[in-house]
């Protein structure tokens with residue numbers, strides 16, 4: 001009987017602290033890649049291409065999380081909506097595959113893991129570092145590496161479906177230091193083929209998606225002092 005009471009007391013302590021044990025999450029998402037650069041100056045949803053992501057998240061506190069993820073998809077655009085008379089002559093286009101590995105820190109604006117003030121949703125923002133690789137630009141106008149760094153920044157909203165599953169809508173910019181996503185940049189302007197653009201205007205890409213996350217709980221049972 002004493003052993004049963006001790007076990008019951010231990011289990012009650014464990015489950016009383018379960019709200020503190022939301023340590024790890026894994027998730028996946030589906031969405032789109034988009035692009036801005038020399039061919040498209042502003043975000044144009046008509047140039048969206050399918051993309052997907054998988055990630056691991058560690059909750060460092062009730063408002064701060066660390067996330068490591070892999071994101072991949074298609075990226076493309078064209079001069080079919082020319083931004084000026086030069087773009088009409090250029091008539092350029094590109095379609096590439098992008099693979100990205102990233103690490104970011106998330107900050108939640110609502111203290112939604114606090115058991116005293118329960119919120120079913122929370123807006124959040126994130127920022128970090130990433131490496132991305134591209135394939136598909138076979139006809140390179142210049143020599144460059146297919147692997148480049150970027151700075152992912154963005155925001156989203158998370159919603160608790162139940163204690164184990166979260167749903168989120170996220171939009172993020174990938175700020176690059178690279179001008180050949182679209183395969184046009186600083187060519188020889190003396191050659192009047194119009195296949196060149198502004199070398200000082202770097203290309204960027206975006207991810208817009210919906211993610212589903214599974215939360216894993218660690219139950220901090222007291223250890224034996226003997």
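Only the coordinates and a few stated rules stand behind these numbers; no lab work does. Note that the structure is a prediction, hence the values are computed from the model and not measured. Counting neighbours? That spans all protein chains shown, and the Cβs are built from the backbone with ideal geometry, glycine included.
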Going by how many other beta carbons lie within 10 Å of each one, how would you line up 216, 121, fewest first?
-> 216, 121
Volume per residue of the C-alpha convex hull in the range 20-217, rounded to whole Å³ = 105 Å³
Exposure-ranked with fewest Cβ neighbours within 10 Å first, 126, 207 stand as 126, 207
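Arrange the following residues from fewest to most other Cβ atoms within 10 Å of their Cβ: 135, 65.
Numbers: 135 10, 65 21.
Ascending Cβ contact count within 10 Å gives the list 135, 65.
For the range 20-217, what's the relative contact order in percent, using C-alpha pairs closer than 8 Å and at least 6 residues apart?
Working: 520 pairs, mean separation 47.7, N = 198.
Averaging sequence separation for qualifying contacts and normalising by length gives 24 percent for the range 20-217.
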